[in-house]
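Just so you know, all these numbers are worked out from the coordinates, no wet-lab data involved. Fair warning: this is a prediction, and the values are worked out from it, not measured in the lab. Note that each Cβ is placed from the backbone with ideal geometry, even for glycine, and that neighbours are counted across all protein chains shown.
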There are 2 protein chains.
Amino acid sequence: MRLYNSAVSGNCYKVRLLLAQLGLEYETVEMSVVDRSNRAEVLGELNPGLRVPTLVLDDGRPLAESNAILWYFGDGTQYVPEDAYERAQVLQWQFFEQYSHEPNIAVARFWKTYSGQPETFGRQRERLLAGGHAALDAMERHLDGRAFLVAEEYSLADISLYAYTHVAHEGDFDLDAYPAIRTWLERVAAQPGHVPIDA
Amino acid sequence: MRLYNSAVSGNCYKVRLLLAQLGLEYETVEMSVVDRSNRAEVLGELNPGLRVPTLVLDDGRPLAESNAILWYFGDGTQYVPEDAYERAQVLQWQFFEQYSHEPNIAVARFWKTYSGQPETFGRQRERLLAGGHAALDAMERHLDGRAFLVAEEYSLADISLYAYTHVAHEGDFDLDAYPAIRTWLERVAAQPGHVPIDA
């Protein structure tokens, strides 16, 4: 398998983390998240969204969108519940992640730490922090009294939300006010087979 | 079942369309997409994202995020493939919809047609149209020569992308340049049990 990857992308890290926990081997092709000029050339036939991660299976079939890739490999394993309602809850948190969390927290982190354009971060900082804090508030309320996001078991939902939450400080988010999130981050990092984002 | 609904929301329409095609009954509670001041009070215990649609099952359990709700009801029916790769492809298009399509096309439509703030649309028009056209370009390339988004069968992926694409003109998008999308929209609207957004 071949993973079109960015080492700093939380979306790519989700896939690397699950594949590590499943013990699956793959090669990577590193893509820049700053200079995207080769995206259409490299990914045009593989992923209509031209984003990373894009994965090419052993038989050549491509698959895109981090959370869809997680389901392809995770369904049928311990990381996806069998109950229909719990499966939908995993998806609920993953769609929340892509709509309400990533566009604020990952984008703030990108502009502040990885873009080389701190002035662009400055112009968007207030809006991104407000949106990101709303997402963190929602997670904090839900995780208060719970061990994991769904059904008290570590699942794809935790992988998806861990990816950018654990590096939120790189986007100027302070997790001091989020004790349930901090405990949950430690719990996720202690799972068997866990690998850090810079592994 | 109770659906917290907005009549004009494409995200809510996805759920109404699938439930109609499955012949399932439900009541609705209408929520405003302009005055959101009651969202925490009404949805706070049901949906951490405080968005519509939010669905409450007969036994009182809540479920949120339009595409997660579609999977809860659609999985095991003709609208979700059985093959693992095709199932992941359905998810790929649904995550594409929530990340690359809805935030441009639905948001442009909201500001232009439903917000009562046309000046806000004016300020964001250029950015939203650029993002929306990129999403439509990706769909057009994929649908050229295909009947449906995944596996040549009508699926949840088509429901999810149909919802805001078929009303994209309300956000100033002109579909004249997208013949494959226009043919696909007609094909989706001709499916058994189809209901329009204002049914």
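Quick check for me: using +1 on Lys/Arg Cβ and -1 on Asp/Glu Cβ, what's the dipole size of the protein assembly as shown about its Cα centre, in debye to the nearest 20?
Around 840 debye, computed over the protein assembly as shown.
With respect to the axis carrying A onto B, what is the closest chain A residue by Cβ position, and how many angstrom separate it from the axis?
Per the A/B rotation axis, the closest residue of A reads A:Gln98, 3.
With a 10 Å Cβ neighbour count serving as the proxy for reagent exposure, in which order, fewest first, do B:Glu126, B:Glu102 appear?
In increasing order of surrounding Cβ atoms, one gets B:Glu126, B:Glu102.
Once you sort the root eigenvalues of the Cα gyration tensor of the protein assembly as shown as a ≥ b ≥ c, which label holds: rounded (a/c under 1.5), prolate (a/b larger than b/c) or oblate (the other case)?
rounded
Roughly how big is chain B's charge dipole about its Cα centre, with Cβ charges of +1 (Lys, Arg) and -1 (Asp, Glu), in debye to the nearest 20?
It works out to roughly 460 debye.
Apply the Karplus parameterisation 6.51 cos²θ - 1.76 cosθ + 1.60, with θ equal to phi minus 60°, to every residue of segment A:22-35 and state each ³J(HN,Hα) to the nearest whole Hz, in sequence, with x for glycine and proline.
Each residue of segment A:22-35 in turn: 8, x, 9, 8, 6, 9, 10, 10, 7, 10, 7, 9, 9, 8 Hz.
7 Å along Cα→Cβ for the label point: how many nanometres lie between B:Val195 and each equivalent label in the other copies, listed shortest first?
Spelled out, the distances from B:Val195's label point are 4.8 nm.
Using Cα pairs closer than 8 Å and at least 6 residues apart in sequence, work out the relative contact order for chain B, in percent.
Taking the mean separation of contacting Cα pairs over the length of chain B, I get 25 percent.
Copy-to-copy spacing for B:Tyr26, label 7 Å out on the Cα-to-C-beta vector, in nm, shortest first?
Going from nearest to farthest copy, the values are 3.3 nm.
For chain B, what class follows from the C-alpha gyration tensor (a ≥ b ≥ c being the square roots of its eigenvalues): rounded when a/c is under 1.5, otherwise prolate if a/b is larger than b/c, else oblate?
Oblate, because a/c is 1.5 or more while a/b does not exceed b/c.
With each pseudo-label sitting 7 Å past Cα toward Cβ, what's the B:Glu126-B:Ala7 distance in nm, one decimal?
Placing both labels 7 Å beyond Cα along the Cβ direction yields 3.7 nm.
Pairs of alpha-carbon atoms within less than 8 angstrom and 6+ residues apart define the contacts here; what relative contact order does segment A:2-74 have, in percent?
This gives 37 percent for segment A:2-74.
Can you check what the net charge comes to around B:Gly10, using other residues whose Cβ is under 9 Å from the Cβ of B:Gly10 (Lys, Arg +1; Asp, Glu -1)?
Around B:Gly10, the surrounding residues sum to +1.
Modelling each spin label as a point 7 Å along the Cα-to-Cβ direction, I'd like the B:Val195/B:Tyr26 distance in nm, to one decimal.
In this crude label model, B:Val195 to B:Tyr26 measures out at 1.0 nm.
R0 = 35 Å: FRET efficiency of A:Thr77 with A:Ser37, Cβ-based, nearest 0.05?
After rounding to 0.05, the efficiency reads 0.40.
If the reach is capped at under 24 angstrom between alpha carbons, list the lysines near B:Lys14, excluding any in the same chain fewer than eight residues apart.
Here the lysines satisfying the reach criterion relative to B:Lys14 are B:Lys112.
Summarise the partner chain shielding of B:130-139 as one whole number: the mean count of Cβ atoms from other chains within 10 Å of each residue's Cβ.
Average neighbour count from other chains, rounded to a whole number: 1.
Neighbouring Cβ atoms within 10 Å as the yardstick, rank A:Arg36, A:Arg125, B:Arg16 fewest first.
Arranged by neighbour count, lowest to highest, A:Arg36, A:Arg125, B:Arg16 become A:Arg36, A:Arg125, B:Arg16.
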